[in-house]
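The values are calculated or read from the model by the stated rules, or taken from the named source; none is laboratory data. Model, not experiment: these values are computed from the prediction. Here the Cβ positions follow ideal geometry from the backbone for every residue, glycine too, while neighbour counts run over all protein chains shown.
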2 protein chains.
Amino acid sequence: MVLVTYDVSTTTEAGKKRLRHVAKQCVNYGQRVQNSVFECLLDPAQFAALKNKLEGIINKDEDSLRYYFLGSNWKRRVEHVGARQTFDPEGTIIV
Amino acid sequence: MVLVTYDVSTTTEAGKKRLRHVAKQCVNYGQRVQNSVFECLLDPAQFAALKNKLEGIINKDEDSLRYYFLGSNWKRRVEHVGARQTFDPEGTIIV
């Protein structure tokens, strides 16, 4: 599993647009677990495609993306507390 | 390394206050790498203390916390793109 987290500067209209575009791409590839945090089950080709899209959207001077590679045993590596935005990324998407 | 990510509802003044308090605790325990993402190098006792503090601050009906346990080889599991808020959590803190 690849965890994707992002910070997009929303002080300008252009920034708000970038944020929406980044979120939209991430929704296509994974499960939103928090506002700017997505859990994505991707093979290497899918990861390369997502990376390419996201890096084409962000402004590298203002925004950032981080990828965390959790491996296949990722479920043992996650703990959640509080309100849930969604459930199991391998299960049904609840929006 | 424990990655801490949070979503705190800021639609109310109380929510904004919770967000500030959560961020303040996280700053005490780790390195801020994005707005709501912290990388914390913690032993089990420190993790328990942080968890206890954060879970005492959030409203579990509205906010969420996620912990990702990246292990000791965590540096091989992280990739960053774009603007940097900070650097190496084992190095000097740059604010």
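Miscellaneous remarks
- Condition met for A:Val22 (modelled with pLDDT of 95 or more and within 24 Å of B:Leu65 (Cα to Cα)): yes
- Residues of region A:26-54 that are surrounded by 14 or more Cβ atoms within 10 Å (Cβ to Cβ) and farther than 20 Å from B:Ser36 by Cα: A:Tyr29, A:Leu41, A:Leu42, A:Gln46, A:Phe47, A:Ala49, A:Leu50, A:Lys51, A:Lys53.
- Scanning region B:48-90 for residues that are within 7 Å of chain A (Cβ to nearest Cβ) and assigned to a helix (DSSP H, G or I), we see that the one that is farthest from A:Glu62 (Cα to Cα) is B:Glu55.
- Qualifying residue in region A:8-20 (condition: under 29 Å from A:Glu79 (Cβ atoms) and buried (at least 21 other Cβ atoms within 10 Å of the Cβ)): yes
- Test: residue in region A:70-77 that is at pLDDT below 95 and either under 12 Å from the mean Cα position of the chain (by Cα) or surrounded by 21 or more Cβ atoms within 10 Å (Cβ to Cβ) (or both): no
- In region A:1-13, the residues that are in contact (Cβ under 8 Å) with a residue 12 or more places away in the chain and not in a strand (DSSP E or B): A:Met1, A:Val8, A:Ser9
- Matching option when the condition is of a type in the set (Lys, Arg) and more than 16 Å from B:Leu19 (Cβ to Cβ), among B:Arg77, B:Arg32: B:Arg77
- Residues in region B:20-47 that are part of a helix (DSSP H, G or I) and within 12 Å of chain A (Cβ to nearest Cβ) were compared, and the one that is nearest to B:Ala83 (Cα to Cα) is B:Val22.
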